[in-house]
Amino acid sequence: MTGIKGQDFREPIKLLHACEAVMIPQGITIDLEKGTEVFITQALGGSVTVNVMGNLARINEADISALGMEAAEKDIRFETALNSPLIDDELIWEQLSTCYDPEIPINIVELGLIYRCDIVYEDTGNRVEIDLTLTAPGCGMGPFLVEDVISKVSQIPNISSVDVELVFDPPWNQEMMSEAARLETGLY
């Protein structure tokens with residue numbers, strides 16, 4: 001993702017056009033009007049979390065032009081992967097690492113939210129099955145994280161479908177985080 005050259009994200013940004021956002025953690029979709037002032041709190045993995053009138057909201061990659069930003073270019077390795085019928089599982093994990101919790105600036109892999117990731121090779125196409133959990137079971141952002149995972153993993157060549165199941169067993173806890181993520185959040 002590229003921002004506005006020289007933009008200081010400590011200053012408010014006025015939206016260049018109206019866009020949709022999702023309230024965090026409620027998961028309620030709202031419409032933001034052109035000219036609305038927001039503060040960027042994190043811009044990771046394509047989506048942007050903003051503070052709007054004291055509330056956190058997530059703006060999807062498709063709407064970041066409202067912030068004067070544009071999406072990052074596709075990874076060139078996706079093009080070379082077209083030459084093989086197999087799926088590079090490393091690319092899957094890299095794509096999963098571009099999905100971020102909208103409140104915590106750490107990707108879902110480092111947070112330990114991916115419980116399972118399997119590739120199923122079938123005659124009808126290659127399917128990726130993923131079990132994903134949340135840091136809090138009642139978080140309204142679950143469907144949006146699922147959508148983000150499906151969108152990112154579906155970009156990998158030779159994947160015909162991505163099935164993501166939101167699971168809560170075992171319940172997530174901070175020991176599931178990578179050591180780096182625990183150090184970054186101070187939860188060690």
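FYI, it's all coordinate maths here, none of it is from the lab. All values derive from a computational prediction rather than experimental measurement. Cβ atoms come from the backbone with ideal geometry, glycine included; neighbour counts cover every protein chain shown.
Structure values in brief
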read-out: Among Met53, Met141, Met23, residue whose mean-square fluctuation peaks in a GNM of the chain (springs only between Cα atoms under 10 Å); value: Met53
read-out: Cα centroid of the range 12-68 to Cα centroid of the range 113-188, whole Å; value: 23 Å
read-out: Residues Glu70, Glu122, Glu61, sorted so that the one with the fewest Cβ neighbours within 10 Å comes first; value: Glu122, Glu70, Glu61
read-out: Nearest-0.05 FRET efficiency for Asn173 and Ala62, computed from C-beta distance (R0 35 Å); value: 0.55
read-out: Proxy reagent accessibility, fewest Cβ within 10 Å first, across Tyr121, Tyr100, Tyr115; value: Tyr121, Tyr115, Tyr100
read-out: Cα pair count fraction exceeding 19 Å, expressed as % - the range 77-185; value: 44 percent
read-out: Packing-based exposure ordering (other Cβ within 10 Å, fewest first) of Asp101, Asp31; value: Asp31, Asp101
read-out: Rounded to the nearest 20 debye, dipole of the chain from Cβ charges on Lys, Arg, Asp, Glu; value: 600 debye
read-out: Leading residue at positive end of dipole, the chain (Cβ point charges), from Met69, Gly125, Thr29; value: Met69
read-out: Distance histogram in 10 Å bins (all Cα pairs of the range 13-67, percent per bin); value: 28, 65, 7
read-out: Convex hull per residue volume in Å³, alpha carbons only, for the chain; value: 132 Å³
